[in-house]
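Read the structure below first, then the notes.
The values are calculated or read from the model by the stated rules, or taken from the named source; none is laboratory data. Everything numeric here is computed off the predicted structure, so don't read it as measured data. FYI the Cβ positions are ideal-geometry reconstructions off the backbone, even for glycines, and counts take in every protein chain you see.
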Ligand SMILES: [Zn+2]
């Protein structure tokens with residue numbers, strides 16, 4: 001089992017760890033800051049010692065790292081890891097922006113459910129069910145989201161149990177997907193706005209997101225709408 005340092009402190013960018021498993025191609029560490037793609041958030045990039053990490057994936061409660069040109073390490077080796085922080089921080093702001101947007105859409109804009117989310121390193125895409133999304137409504141959504149940003153709501157994550165999750169049937173994921181039942185459930189809360197099941201990395205206050213801008217909107221079907229958003233410097 002890998003210790004998820006990215007859950008303990010999403011702002012941590014460097015770490016020391018030990019190799020607990022390798023097959024000569026991939027390696028598992030006893031702890032890592034490398035986030036593995038899930039819930040629409042892409043994997044981190046960065047280095048383990050001098051080697052570039054080319055892929056990160058979750059297998060149960062382990063994080064498997066792939067390095068350029070082989071594993072380079074043996075079991076028991078000490079490793080120093082560094083993630084590409086500028087990229088990760090932008091992704092954190094975008095991910096938190098999506099949750100703000102989601103909270104606003106569900107609360108004030110008659111959106112019933114989300115059907116997809118994908119975060120890139122410079123933008124994010126959200127799909128949801130909504131009858132009508134014209135320019136005026138898009139501007140209202142953007143304004144409501146930016147009010148939450150400037151109000152400075154605290155963002156926090158708490159690990160919970162599946163027994164607890166059963167007691168709160170409204171808990172969903174922003175992606176609209178089912179949260180992986182084989183992993184540890186975690187609740188992400190934007191104080192006063194939104195609670196979701198979420199395994200991603202986030203900023204700790206909505207103010208850090210910066211200004212949210214909807215740069216594109218599309219009708220993907222009668223009630224299926226898509227927006228693409230970016231975040232500008234706070
Ligand atoms: Zn999320």
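So here's what we get for this one:
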item: Selection within region 6-45 - touching a strand residue (DSSP E or B) at 6+ places or on another chain (Cβ under 8 Å), without any contact (Cβ under 8 Å) to a residue 40 or more places away in the chain and closer than 25 Å to residue 123 by Cα; result: 36, 37, 43
item: Any hit, region 97-115, residues being in contact with a strand residue (DSSP E or B) (Cβ under 9 Å, 6 or more places away or on another chain), in a loop (DSSP other than H, G, I, E, B), in contact (Cβ under 8 Å) with a residue 40 or more places away in the chain and away from the ligand (no atom under 16 Å from the Cβ); result: no
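To keep it simple, each residue is scored yes or no on (1) more than 18 Å from the chain's Cα centre (by Cα); (2) within 16 Å of the ligand (Cβ to nearest atom).
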{"position": "4", "(1), (2)": "no, yes"}
{"position": "11", "(1), (2)": "no, no"}
{"position": "21", "(1), (2)": "yes, no"}
{"position": "28", "(1), (2)": "yes, no"}
{"position": "32", "(1), (2)": "no, no"}
{"position": "38", "(1), (2)": "no, yes"}
{"position": "43", "(1), (2)": "no, yes"}
{"position": "52", "(1), (2)": "yes, no"}
{"position": "55", "(1), (2)": "no, no"}
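For every residue, the table says whether it meets (1) touching a helix residue (DSSP H, G or I) at 6+ places or on another chain (Cβ under 6 Å); (2) in the same structural domain as residue 183 (by TED's automatic domain parsing); (3) surrounded by fewer than 22 Cβ atoms within 10 Å (Cβ to Cβ).
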position	(1), (2), (3)
16	no, no, yes
23	no, no, yes
28	no, no, yes
36	no, no, no
71	no, no, yes
79	no, no, yes
92	no, yes, no
